[in-house]
Amino acid sequence: MKRRDGGSTGASTAGCRRLLLFLFGLLALSACTAIGPPAAARLPIDRDSLQDFALVGRFSVRHEGKAYVGGIHWRHVGDRDELVLSSPLGQALAEIVSDAGGAFLTAGDGRSQSAATVDSLLQAVLGYPLPLDRLVDWLRGRHANAGTLTTDPQGRPLHLRQEDWRIDYAYDGDDPQALPDRLFIEREGSVQLRLRIDEWQALPSTD
């Protein structure tokens, strides 16, 4: 991966891979097989009742003065989450699958790692824990634990504060039940993640 500041790629390879793994954890989950994109056309979705979903989007992440961009395909069904992160040109960078059986990460170079949970997987990879279990709720503007949520004039999530995390939402239209099109997620003094969601798709529940 080439650094945006034009520096040598050789010395930064390990750091880039570590940052990407950090992002994988922050985005919470991935897939061991390629995930097809949701249907080309957006479908009307009721945000308050949405349980299982698929999305296609783009991300940019800033960490320790460096910025990276790429694509994201995510599928969430029941207790199983699958996600593929790709480069801006569409090359798969990593895949992770997480379900009741554990969490499994496969990097673009073929190396793999597993753990009992996504949290413990990222603990092993990074050396410290991340609140990965919250992202599914954050995407839908929900907060299972203590937090402060501010809504916009349509009653949609606008700002969410939970512990040292800040999540801001933006929408392209005025539908009161719209899912967010853009999210800004920041951990104070640590990482900044911008997520642009191009397509949402509601999936049939497995219950």
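The values are calculated or read from the model by the stated rules, or taken from the named source; none is laboratory data. Note that this is a predicted model, so its numbers are computed, not measured. Please note: Cβ atoms are built from the backbone with ideal geometry, for glycine as well, and neighbour counts cover all protein chains shown. Only protein heavy atoms, including side chains, enter the accessible area calculation; ligands, DNA and RNA are left aside. Shrake-Rupley method; radii C 1.70, N 1.55, O 1.52, S 1.80 Å.
Tabulated data
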| read-out | value |
| --- | --- |
| Of all residues making up the range 100-113, the number that are loosely packed, with under 15 Cβ neighbours inside 10 Å and either closer than 14 Å to Leu85 by Cα or of a type in the set (Asp, Glu) (or both) | 1 |
| Pairs with Cβ under 8 Å, 6+ apart, first in the range 142-155 and over 20 Å from Leu50 (Cβ atoms) and modelled with pLDDT under 75, second surrounded by 13 or more Cβ atoms within 10 Å (Cβ to Cβ) and not aliphatic (A, V, I, L, M) | Ala146/Gln162 |
| Lone unmet requirement of (1) touching a strand residue (DSSP E or B) at 6+ places or on another chain (Cβ under 8 Å); (2) at pLDDT below 85; (3) within 30 Å of Gln177 (Cα to Cα); (4) open to solvent by 50 Å² or more (accessible area, probe 1.4 Å) for Leu83 | (4) |
| Boolean, Arg75 is at pLDDT 85 or above and open to solvent by 80 Å² or more (accessible area, probe 1.4 Å) | yes |
| Single match in Ala94, Ala107, Ala103 (criterion: at pLDDT below 85, of a type in the set (Gly, Ala, Ser) and touching a Leu at 6+ places or on another chain (Cβ under 6 Å)) | Ala94 |
| Residue match in the range 49-72 (condition: touching a helix residue (DSSP H, G or I) at 6+ places or on another chain (Cβ under 7 Å), open to solvent by 10 Å² or more (accessible area, probe 1.4 Å), modelled with pLDDT of 85 or more and not aromatic (Phe, Trp, Tyr)) | no |
| Output for the range 114-123, where each listed residue is modelled with pLDDT of 85 or more and surrounded by 15 or more Cβ atoms within 10 Å (Cβ to Cβ) | Ser114, Ala115 |
